[in-house]
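Taking it in order: structure first as structure tokens, then the write-up.
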């Protein structure tokens with residue numbers, strides 16, 4: 001179902017979290033649970049993966065997991081600050097030690113001049129480190145952007161767990 005590269009990243013993230021003695025949570029909008037599905041495609045994930053939150057409607061993206069509505073009004077529902085807030089909110093609403101969040105515009109509609117279709121933000125929050133936020137712009141159709149978003153989310157999760 002997922003490219004081997006993604007499954008290898010998922011396995012690496014799970015191993016890093018297990019070695020750190022922490023669990024993983026996800027907060028997903030554009031990927032609608034695909035990051036969680038990729039992580040749980042790896043045998044033994046139940047020892048480390050705690051829970052996933054899917055926030056798909058604009059109002060859920062903008063204010064889910066305790067993100068202040070003012071952030072969405074200022075930056076938009078697909079933005080670095082929202083994605084950071086979702087990752088940090090997933091930590092607060094779970095007992096996980098690390099959380100990864102992803103928002104984006106998969107198309108064919110959505111997007112704007114600043115963040116066109118294909119823009120994906122990912123963030124990884126850890127209870128004892130600064131939250132990492134990244135912006136990516138992927139090409140391809142809706143499915144290609146969503147799968148690329150899964151890879152980016154796993155990448156930032158590994159980066160957070162490796163610091």
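Read-outs: derived from the displayed coordinates by stated rules, not from any lab. Please read all numbers here as calculations on a predicted model, not as lab measurements. So basically every Cβ, Gly included, is an ideal-geometry build from the backbone, and we count neighbours across all protein chains shown.
So what's the angle, to the nearest 10 degrees on a 0 to 90 scale, between helix 80-92 and the longest Cα principal axis of the chain?
40 degrees
Using Cα atoms only, what is the angle between the long axis of helix 4-20 and the major principal axis of the chain, expressed in degrees (0 to 90) to the nearest 10?
60 degrees
Can you grab the distance from the C-alpha centre of segment 137-163 to the C-alpha centre of segment 1-38, Å, no decimals?
The distance from the Cα centre of segment 137-163 to that of segment 1-38 comes to 10 Å.
Show me the ranking of peptides 105-118, 141-154, 60-73 by mean Cβ neighbours inside 10 Å, starting with the highest. Walk me through the numbers before you get to the answer.
On the way: 105-118: 15.8, 141-154: 21.5, 60-73: 17.7.
In descending order of packing, they fall as 141-154, 60-73, 105-118.
Got a sec? How would 50, 88, 5 order by Cβ neighbour count within 10 Å, fewest to most?
Numbers: 50 18, 88 21, 5 11.
Result, fewest neighbours first: 5, 50, 88.
Just rank 55, 157, fewest to most, by other beta-carbon atoms within 10 angstrom. Intermediate results must be reported in sequence, preceding the final value.
Details: 55 24, 157 31.
In order of increasing Cβ crowding within 10 Å: 55, 157.
For the chain, take the longest principal axis of its alpha carbons; what is the angle in degrees between that and the long axis of helix 142-162, to the nearest 10 within 0 to 90?
Taking Cα atoms only, the helix is inclined about 50 degrees.
Would you calculate the convex hull of the Cα atoms in the chain and tell me its volume per residue in Å³?
Working: hull volume 15.7 nm³, N = 163.
Taking only Cα atoms, the chain has a hull volume of 96 Å³ per residue.
With contacts defined as alpha carbon pairs under 8 Å and 6 or more residues apart, what's the relative contact order of the chain in percent? Mind showing how you got there, number by number?
On the way: 348 pairs, mean separation 39.4, N = 163.
Here the relative contact order equals 24 percent.
With 10 angstrom as the radius, rank 57, 6, 93 by how many other C-beta atoms surround their C-beta, starting from the fewest. Kindly include the intermediate steps, with their values, before the conclusion.
On the way: 57 10, 6 22, 93 16.
Listed from fewest to most nearby Cβ atoms, that is 57, 93, 6.
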